[in-house]
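Everything on this sheet refers to the single structure shown next.
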Amino acid sequence: MKRILITLIGTVAGLVALLDFKTQHPVTPSGGLPQAGLPQTSTTPATATGGATSPSTAPASSSRSSTASTAAPARQYVGDAITTRYGIVQVKVTVAGGKITNVGFVQLSAFDDHSAQINQAAAPILLQETISAQSARVDSVSGATYTSDGYVQSLQSALTSAGIR
């Protein structure tokens with residue numbers, strides 16, 4: 001009888017402890033997720049910026065307007081969400097004419113504040129290296145190996161969807 005009582009109390013205590021267990025929730029950076037892109041070059045007439053086009057300010061040759069109309073449209077591709085040991089990484093890439101024009105994060109979360117600080121420091125470096133390399137072949141950021149690996153995996157899945165190796 002004594003053993004049954006001890007077993008029952010132990011089971012109830014374990015069940016209470018299990019139900020009271022709090023899991024870690026991802027910490028997301030405040031102020032938005034970082035992104036990087038190529039410098040924008042304007043190939044559109046003045047009406048795109050809000051100015052009025054008059055006969056004296058309209059482009060004299062049609063080469064500018066034909067360049068804008070034949071340029072490949074930009075398409076966005078979202079990579080896989082990669083769960084690393086310290087958080088979740090997911091990348092979005094904008095591709096135009098086979099070239100990466102913009103890259104940013106859809107998700108960049110951390111399971112603790114220290115990992116969030118590491119992600120905040122590593123994210124801009126990874127984004128700029130992607131724009132420079134124009135591929136997923138970027139160096140890992142020292143001290144942010146898991147974030148870097150998750151970033152590369154998500155980036156590669158987005159680039160594969162875009163048809164870029």
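Here, each number is a calculation from the coordinates, and none is a lab measurement. These figures come from a predicted structure and were not determined experimentally. Here Cβ is always computed from backbone atoms with ideal geometry, including for glycine, and neighbour counts include all displayed protein chains.
Listed values for region 94-102 are Karplus-derived 3J(HN,Hα) couplings in whole Hz (6.51 cos²θ - 1.76 cosθ + 1.60, θ = phi - 60°), namely 9, 10, 9, x, x, 10, 6, 9, 7, and x replaces Gly and Pro.
Less than 13 Å Cβ to Cβ from residue 156, Lys/Arg counted +1 and Asp/Glu -1: what total charge do the surrounding residues give?
0
For the pair residue 20 and residue 85 in one chain, pulling the backbone fully straight at 0.36 nm per residue adds 21.0 nm over the alpha carbon distance. 3J(HN,Hα) couplings calculated from phi for region 114-121 with the Karplus curve 6.51 cos²θ - 1.76 cosθ + 1.60 (θ = phi - 60°) are, in sequence order, 5, 5, 4, 5, 5, 4, 4, 7 Hz; Gly and Pro show x.
Computed on region 74-165, with alpha-carbon pairs under 8 angstrom and 6+ residues apart, the relative contact order is 34 percent.
Looking at 90, 102, 128, which one has the Cα that reaches farthest to the positive end of the dipole of region 74-165 (charges on Cβ: Lys, Arg +1; Asp, Glu -1)? Of the options given, the answer is 102. Neighbours of residue 86, meaning other residues whose beta-carbon lies under 12 angstrom from its beta-carbon, give a summed charge of -2 when Lys and Arg score +1 and Asp and Glu score -1.
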